[in-house]
1. Do any strands (runs of 3 or more DSSP E) entirely within region A:1-89 hold 1 or more residues that are over 19 Å from the mean Cα position of the chain (by Cα) and among the hydroxyl-bearing types (Ser, Thr, Tyr), and if so, which?
2. From B:Val129, B:Val49, B:Val79, which residue is under 25 Å from B:Pro358 (Cα atoms), buried (at least 20 other Cβ atoms within 10 Å of the Cβ) and either at pLDDT below 90 or of a type outside the set (Phe, Trp, Tyr) (or both)?
3. B:Gln403 is checked against (1) buried (at least 17 other Cβ atoms within 10 Å of the Cβ); (2) at pLDDT below 95 and fails just one. What number does that condition carry?
4. Considering only region B:59-74, state which residues are farther than 17 Å from B:Pro218 by Cβ and surrounded by 24 or more Cβ atoms within 10 Å (Cβ to Cβ).
5. Among the residues of region B:426-448, write down those that are touching a helix residue (DSSP H, G or I) at 6+ places or on another chain (Cβ under 8 Å) and surrounded by 14 or more Cβ atoms within 10 Å (Cβ to Cβ).
6. Return a yes/no flag: does region B:374-393 have any residue that is in a helix (DSSP H, G or I), among the aromatic types (Phe, Trp, Tyr) and more than 29 Å from B:Ile424 (Cα to Cα).
7. If you go through region B:90-102 one residue at a time, how many are within 14 Å of B:Arg264 (Cβ to Cβ) and either within 12 Å of chain A (Cβ to nearest Cβ) or basic (Lys, Arg) (or both)?
8. Only one residue in A:Ser108, A:Ser157 is within 11 Å of chain B (Cβ to nearest Cβ) and modelled with pLDDT under 90, so which one is that?
Amino acid sequence: MLSLTEIVELLRGKNKPQLAQIMAFILGPGLVFVVSVFLIFGSLVSFDKPAAISELKTEIDQNGNRSPKPGVILITDLSSAHLVLPIENSSIVWTSLDPDAAHEKFLSDKLKLDAGQFLSDAPLGDEAVTLVVNGKIGPDLYVSGVKEPVDDWRLTSNESRSLISWASAVWLLTFGMAFALGTSPVEPNQDHAGEIRAEPNE
Amino acid sequence: MPGAFVAIVLIISLVIARLSMGKGRRVPGRPLDVDDGLPLPELAQSSTVFSLTALFGAYFAIASTLGLPALIGLAFGTVLGLFLDANWITRRYWNDETAEKRHFEGFLFRLLKDKGTNAVSYTFVISAVQCAYAASELLILRELAKQALGLKSQHATLLAIIVALIGYFYVLFGGYRALFRTDVVQLVLVALMAIVCGALLLWHGSAVGWKTRLFPEPQFWLLPHIGPSRWLYFYHFILATIMGSGFMLASPDTWKRVYQVIKRQTGAKSQTFALIGAGTIPYLILLPFALSINIATDGNVKTGFMRSTSVAGNVMFTAAALGLISSFLSSFNSALLSSVHLQLIQRRTLEEVSSEEPRFHVIMILSFAFTWLMFLGGLRFTTNAWLLGNFLMGPYAAIAGLQIGTRGDLSRLPRNSLHYLLAIGALIWVTYFALKYDSLKIPNKESVNTVPVGVIIFFTMALLCLLSNFVQGVMKRAKPN
């Protein structure tokens, strides 16, 4: 990322055509991208969330009988995330932590099920932890007090990750090309030999 | 690895754009004065109609809710619009110039030169509408990336911004050459998506019979005391025809493509077939989608309609991703470049310079920034990704009415009058839209009802232009010598 000093150096001593070229090829698109990423992801630029949520809806037994069983799976990562999920009619949490670790997290308020809310204060261990809670979740959750839609925390498919990753790679390649072109000398009249010439407009 | 396939296509297009840089200019220092080496303008024209806002937005909604008569009207209107454009360009410019002097920029220059503030208003409205159209494409791409490809909101927004930036660079690097050449690649991918998805949708079948989908129970575009009959279907056909032709008349990227078809001078017969083919192919591809996808059972549109069938398996995901991104790039780039070109020519009518490269760069980045801001505004102020496209129905209708009312010649209007005429059209449309906003702010079948109001705007503008031309003529004759 260019610092302010580097940007000023880039622009110093340039004439108007060169400045226009730098704006169109480098600064303009760069600014659009940086501001967009900041608006999308905030100051913590991370392309993925520190936890994933998946909603549970149905229970099926070995005879194929099905019944509604609302619940939620929360898979927390090693990143810090203070999550509060509003959840109705919940009474139990099933976790991948061993009993002592689970008890310790409960006592230290890192895991809590209370008054229609499930609280998780990651990291909960030195690896990803899975939690299953019965009950019906709402459309939103709270991340460090800020409301966010649950939809944004659902698991991302491999195809989606692949699409975003590759598109980002092509963008980097394109911007690199544009940077090189944007800093190249400006020809007064860009032209190639052998092209058709005609009189300018009357 | 669907992402890898998308990356390959984007890189191929990038290489095409880079290799097109600076090539084919008629005059040095005129980056968009390129008429040679632009392949297959007919296919490129189909590619414009294959946009997310038009074909996969408004036209799809009309075909789904109103059936075959409206769909045929849209196709007929598109072809009619292409012929009207061809007639306009031939009559106003082609026949007046010698072969070696003809070029598309000459046509635009003659359109805008010596027309005072009328030309400024004309350029401003069309350029702004094209940028808004590009923003609408962005909003819909984002929404379809969520619904059809299963991306999360943030990832969909990021994907839309990245693809838009890449598209911006295509046309910044390579201008019209890059646009036309990448259009061919993109059309192939859109067609592939349409064939794969269309076949799958038809295989799964529709819950409702085909006859019912082709002629659904009329709920919109109704006439008093006339039930489902050939007269009502004829009315639907007429409304859709006006809509389809208006879109062609008001799109400067279409003018460029039609110009290229005329330039090929392949004879009247092949020109006719080229325009008919370009106009109808998109609707043949739309038909299986309209037959198979039931977007609404009542009231609100089911925005998750594509997810259940379209992303089953890697092949479908890849086809859908490639098709959506290609469709977006094609229309986004066309709209952005045509907006920039019109502004560039308008500036030239005020002041000619030896090299327009700096001007081109400045106008490109400002137009792109304007489009981006509209996209952000759309995200911030509405949850309906199709709302902006719906709103643009009015401005497109107004511009088309202006084209018809002036027969493509701004000098028929009194000097400095166009902004008043446009203000009248804008007042009617904005008032209607504000009154209907509550029913339009979520994706809803009600949105197709904006079309008849758009047609009213079209006729209002055309009549206002004819009237002002008539009044101008009367006043000129009455003026004492």
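The values are calculated or read from the model by the stated rules, or taken from the named source; none is laboratory data. These figures come from a predicted structure and were not determined experimentally. Note that we place each Cβ from the backbone using ideal geometry, even for glycine, and neighbour counts take in every protein chain shown.
1. A:51-60, A:66-76
2. B:Val129
3. Among (1) buried (at least 17 other Cβ atoms within 10 Å of the Cβ); (2) at pLDDT below 95, the lone unmet condition for B:Gln403 is (2).
4. Filtering region B:59-74 for residues farther than 17 Å from B:Pro218 by Cβ gives B:59-60.
Scanning region B:59-74 gives a single hit, B:Tyr59.
5. The answer is B:Ala426, B:Ile428, B:Trp429, B:Tyr432, B:Phe433, B:Lys436, B:Leu440, B:Lys445, B:Glu446, B:Ser447, B:Val448.
6. Taking region B:374-393 as the starting set, the residues that turn out to be in a helix (DSSP H, G or I) are B:374-381, B:387-391, B:393.
From what is left, the residues that are among the aromatic types (Phe, Trp, Tyr) are B:375, B:381, B:391.
Right, trim to more than 29 Å from B:Ile424 (Cα to Cα) and you get none.
Taking every residue of region B:374-393 in turn, none turns out to be in a helix (DSSP H, G or I), among the aromatic types (Phe, Trp, Tyr) and more than 29 Å from B:Ile424 (Cα to Cα).
7. Within region B:90-102, residues that are within 14 Å of B:Arg264 (Cβ to Cβ) and either within 12 Å of chain A (Cβ to nearest Cβ) or basic (Lys, Arg) (or both) number 2.
8. Details: A:Ser108 fails: within 11 Å of chain B (Cβ to nearest Cβ).
Of the residues listed, the single one that is within 11 Å of chain B (Cβ to nearest Cβ) and modelled with pLDDT under 90 is A:Ser157.
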